[in-house]
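These notes are about the structure you will find just below.
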Amino acid sequence: MPRDALVYSSAVDPAGPWVAALQAELPDLDIRVAAPDGTVAGDPAEVRYVLGWSPPAGFFARFPNLALVINLGAGVDALVARRDLPAVPVTRLSDPQMARMMAAYVLFAVLRHARDIPQFEIAQRARRWAHVHPRQPEEIRVAILGLGELGGCAAGELVRQGFDVRGWSRTPRSLPGVACAHGLDTLDGVLAEADILVAMLPLTAETRGLLDAARLARLPRGAAFINVARGAVVDEPALVAALRSGQIGAATLDVVAQEPLPQDSPLWDMPGVLITPHLASMAIPRSAAAQIAENIRRIRAGAAVLNAVNLARGY
């Protein structure tokens, strides 16, 4: 009987914690770690599973008996356009710890803008003692674009903090305490009432460039923008222009169009802009390993996997 092997491939997450967590769940699983160039030791015919994040081009085509691809994260946009991906189930990680981590980051970012912290940062650099009277959370309208697992969790946290929370999604959603809208024809209305806009949409053909100059202009002047989705959801030159004009007063960006952000990007030096290196939410090996192991067991048993991705839809 051929060996049952999993290949781990990521240039971002260290392999060690994932190997240890998976071996604790499936001691019989042969786990191999891909080199940065995508090479893998051993017989490629023995590889049935890949756990990875953006492997090199042509990577998946090396494994003739591949039966499952586990995306090392929630967003699968990097897989959609690949030509080397065979017709096998693709799953995303659906880890409660990831949702909590994302909700915490979104809460931090919303509070940063709600409490006018960017203004204090600017004043500090100018050695100026500045006072801005705090606003109450219920006075601040926060709109979340994308009400999936992560967006819904973040929205719930903001509701608990007392903010006036609105949400927008492609299809109808109902969340306690959140004024939900859906469909493209309602988007402009949601934007027009957003003091703080939070992008949490998956990157698809429909959402790429969704927040263009015209839609950014729909925001109330001086609104804050938070992006924890994908950089390409927003037209970045339009965002820079909106920040320069004051149409957008400040921003917290965990994602940008090109990562790492190029050294010559104007975003680095823009007042009121905070940039973090795509870490708002990351998979935690010890909590995600059980889900991965369950799907491997399902593949072995010929059963349907959990958290399957529709690549044609993009999520």
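The values are calculated or read from the model by the stated rules, or taken from the named source; none is laboratory data. This one's a predicted model, so the numbers in the text were calculated from it and none came from an experiment. Here the Cβ positions follow ideal geometry from the backbone for every residue, glycine too, while neighbour counts run over all protein chains shown. These area figures cover heavy atoms from the full protein model, side chains too; ligands, DNA and RNA do not enter into them. Shrake-Rupley method; radii C 1.70, N 1.55, O 1.52, S 1.80 Å.
Within the accessible surface of region 119-197, defined with a 1.4 Å probe on protein heavy atoms only, the carbon and sulfur portion equals 52 percent.
Full extension of the chain between D84 and R313 gives 80.6 nm of extra length, using 0.36 nm per residue less the Cα-Cα distance. Using a 1.4 angstrom probe on heavy atoms only, work out the carbon and sulfur share of the accessible area of region 208-294 in %. About 53 percent, which is the carbon plus sulfur part of the accessible surface. Annotation for region 20-67 versus region 87-139: alpha-carbon center distance of 36 Å. Our estimate of slack between L111 and A130, defined as 0.36 nm per intervening residue step minus the Cα-Cα distance, is 5.0 nm. Taking the charge dipole of region 98-153 about its Cα centre, with +1 at Lys and Arg Cβ atoms and -1 at Asp and Glu Cβ atoms, the residue from H131, A103, L150 reaching farthest to the positive side is H131.
Note on region 215-315: dipole from Cβ charges, positive end direction compared against G222, L279, P260; the farthest Cα belongs to L279.
Dipole check for the chain: with +1 at the C-beta of Lys and Arg, -1 at the C-beta of Asp and Glu, and the Cα centre as origin, the magnitude is about 280 Debye.
Send over a whole-number figure in Å² for the accessible area per residue of the chain, probe 1.4 Å.
That works out to 48 Å² for each residue.
Expressed as a whole percent, the accessible surface of region 1-68 that belongs to carbon and sulfur atoms is 59, based on a 1.4 Å probe. The residues packed around F63, meaning those with a beta-carbon under 12 Å from its beta-carbon, carry a net charge of 0 if Lys and Arg are +1 and Asp and Glu are -1. The slack in the chain from F120 to R208, taken as 0.36 nm per residue of separation less the alpha-carbon distance, amounts to 28.4 nm.
The listed peptides 139-146, 264-271, 161-168, ordered by packing as a protection proxy, come out as 139-146, 161-168, 264-271 (highest mean of other Cβ atoms within 10 Å first). Compared with the dominant Cα axis of the chain, that is its longest principal axis, helix 96-114 is turned about 20°.
Taking Cα centre as origin and charging only the Cβ of basic (Lys, Arg, +1) and acidic (Asp, Glu, -1) residues, the dipole magnitude of region 1-127 rounds to 580 debye. Here the spin labels are modelled as points 7 Å beyond Cα on the Cα-Cβ line, and at V12 and D28 they lie 3.3 nm apart.
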